[in-house]
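In what follows, a single structure is set out as structure tokens and then discussed.
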Amino acid sequence: MDSYDNYDFDTLAVRAGQVRTGEGEHSEPIFTTSSFAFGSAAEAAARFSGEIPGNIYSRFTNPTVRTFQDRLAALEGGEACVATASGMAAILAACMATLQHGDHLICSRSVFGTTTVLFDRYLRRFGIEVDFVNLCDLDGWRVALRPNTRMLFVETPSNPLTEIVDIAALAEIAHAGGALLAVDNCFCTPALQRPLALGADLVIHSATKYLDGQGRAVGGAVVGGAEIVGKEVFGVLRTAGPTMSPFNAWIFLKGLETLSLRMRAHCANALRVAQWLAEQPQIEQVYYPGLDTHPQHMLAGSQQSGYGGILSFVVRGGQPAAWRVVDATRMISITANLGDTKTTITHPGTTTHGRLSPQQRAETGISDGLLRVAVGLESADDIIADLARGLG
Ligand SMILES: *Cc1c(COP(=O)(O)O)cnc(C)c1O
């Protein structure tokens, strides 16, 4: 394919990154080989030194993985992408590539629980200072900046309350303080939100979620500039080795081809479920950016091209009432995973956020009656009927 600049998102999702071999295969092949052979000693030396590009060893160069990386980079509008073994490996690689002993990292309080543990427990061990702030409070971010602040890290929309931060405004704050802005774009995917175009420096993905979209494999990616991702993050991957396997890269590659179709369908289904929930007397509150009662509804409309597939809601009657809704479902899967064709339901207070103290849960708005639903691609009527069973 010629320059990516000439093509729309949906075309890039299907075509970008593919390089046909001499076999003329139409679909992308899986290169299950650990290493690659060279034509001569001189060629081997030139490849290893980087003098000529090409495949060396699948810890850091594999054609199937490269096709996935090039396609995702095109979709995010980034110069470079590095695929990783998991979403957490992507976050770790981004931190290892950009932070060192004595640096300061600021993270929003409402991020994926394991991300909090990675920063709070493990990065601190290596002499990195970590602070957590309220996602939506821009002044809070400004106040938390220090001379040694090197990275601001956010997820937007957040999990499970779907709070949204103004990425462009936060990028300005980060850059004024000499720091990078990293955005975990897991909930929106590039089909709905492109953080790099809004000023972010790094985009993080758990490919496990919507990029695959069918719950088959664990993987991740970092997307950004040629220097920071193409050289620095790539260097960490090459050396430390939390690499994506060619087979998983192929699964994610095929996932990308239907990403925007799936995201549109997730958004449409989630809006229907959210609107229905908002009308139920047993529901105290619904959190979904597509409802005009959402505090950042306008911002979501300007920053995102869709409101996403995740919503949460508070059932009157606390934990017993919330658990009744979960246990009355017959079709929806009771699991903390998200981004799947199959709708999932979880009670954050006793699962994903169960390790927090009651006070921490109150601070982050995780009430006892809160349930999170990742709306899948089944019929919206069936999803609604399944949720209705436990609300009687
Ligand atoms: C799942 C998830 C991760 C971690 O990804 P893994 O692939 O499970 O390692 C990071 N961020 C968000 C927002 C997630 O939902």
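No value in this document is a laboratory result; all are computed from the given coordinates. Predicted model, so just to flag it, every value in this text is computed and none were measured. Note: ideal-geometry Cβ built from the backbone for every residue, glycine included; neighbour counts use all protein chains shown.
Taking the number of other C-beta atoms within 10 Å as the exposure measure, put L145, L75 in order starting with the fewest.
Values: L145 18, L75 25.
The order, fewest Cβ neighbours first, is L145, L75.
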Relative contact order of the chain: what whole-number percent is it, with Cα pairs under 8 angstrom and at least 6 residues apart? 17 percent
Only residues of region 232-258 count here: report those whose backbone N is under 17 Å from the spot 7 Å along Cα→Cβ of Q18, or say none. 249-258
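Say R0 is 22 Å: what FRET efficiency, to the nearest 0.05, do M331 and Q214 get from their beta-carbon distance? Write out the running numbers ahead of the final one.
Details: r = 17 Å, r/R0 = 0.77.
E between M331 and Q214, to the nearest 0.05, is 0.85.
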On C-alpha positions alone, give me the angle between the axis of helix 63-76 and the longest principal axis of the chain, in degrees, nearest 10. 50 degrees
Run down the lysines and flag those whose C-alpha is under 26 Å from the C-alpha of K342, throwing out any fewer than 8 positions away in its chain. K209, K254
Within-14-Å neighbourhood charge of E227 [Cβ basis; K, R +1; D, E -1]: -2
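Nearest 5 percent is fine: what portion of the DSSP beta bridges confined to the chain is antiparallel? If you can, show how the numbers build up before the last one.
Details: 24 of 43 bridges.
Bridges in the chain that DSSP calls antiparallel: roughly 55 percent.
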Please figure out what share of the DSSP beta bridges in region 279-392 is antiparallel and state it in percent, rounded to the nearest 5. 85 percent
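Going by how many other Cβ atoms sit within 10 Å of their own, how do F31, F247 line up, fewest first?
Working: F31 19, F247 13.
By the 10 Å Cβ count, ascending: F247, F31.
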Can you give me the P(r) profile for region 45-102? Cα pairs, bins 5 angstrom wide beginning at 0, each as a whole percent. 4, 16, 18, 24, 20, 13, 5, 1
Short version: ³J(HN,Hα) in whole Hz for each residue of region 258-274, in order, from phi by Karplus 6.51 cos²θ - 1.76 cosθ + 1.60 (θ = phi - 60°), x for Gly and Pro, what are they? 10, 4, 6, 4, 5, 5, 4, 5, 4, 4, 5, 5, 5, 4, 4, 5, 5
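Take every Cα pair under 8 Å in region 260-391 that's 6+ residues apart, average their separations, divide by the length, and report that relative contact order as a whole percent. Don't skip to the answer; put the middle values down first.
Numbers: 228 pairs, mean separation 39.2, N = 132.
Result for region 260-391 is 30 percent.
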P(r) histogram, all alpha-carbon pairs of the chain included - 20 Å bins from 0, percent: 28, 56, 15, 1
Using only the alpha-carbon atoms, what does region 260-391 span along each of its principal axes? Please give whole angstrom values in decreasing order. 37, 33, 28
Ranking of K231, K254 by count of other Cβ atoms within 10 Å, fewest first: K231, K254
